[in-house]
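Working notes for the structure below.
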Amino acid sequence: MLVITRKAGEGLRMGEDIRVTVVEISKDRVKLGIEAPSDIRIIRNELFDTEKFNIQAAVKKPAADLLSLIKNQQGG
């Protein structure tokens, strides 16, 4: 992990197309502004983790439903 110190109004670039700027610093929060092409998906970590969990649960559920259906058809 690269750790960079920035003040409000300062920022950094990732490649040619992505710019991150520190907009505001308060007691326990840092507000970031992110400029990126519309095809670049930007999502908070906690939402990404929740989305990933939901996708995994959705994939497992049909498999469990199918297994239950097979067992019921076999009389088990």
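The values are calculated or read from the model by the stated rules, or taken from the named source; none is laboratory data. On a predicted model such as this, the values are computed, not experimentally measured, just so you know. Quick reminder, even Gly has a Cβ in these numbers, built from the backbone with ideal geometry, and neighbours come from all protein chains shown. Accessible surface is based on the protein model in full, side chains and every heavy atom, while ligands, DNA and RNA are left aside. Shrake-Rupley method; radii C 1.70, N 1.55, O 1.52, S 1.80 Å.
Miscellaneous remarks
- Using the Karplus relation 6.51 cos²θ - 1.76 cosθ + 1.60 with θ = phi - 60°, the per-residue 3J(HN,Hα) values for the range 28-33 come to 10, 9, 10, 9, 10, x Hz, with x marking Gly and Pro.
- The chain - percent of accessible surface contributed by carbon and sulfur, probe 1.4 Å: 56 percent
- Summing Cβ point charges (Lys, Arg +1; Asp, Glu -1) relative to the Cα centre of the chain gives a dipole of roughly 240 debye.
- Expressed as a whole percent, the proportion of Cα-Cα pairs in the chain lying more than 21 Å apart is 56%.
- The chain - accessible surface per residue (Å², probe 1.4 Å): 94 Å²
- Across Leu47, Leu2, Leu32, Leu12, the residue with the most accessible area heads the list, and the full order at a 1.4 Å probe is Leu2, Leu32, Leu47, Leu12.
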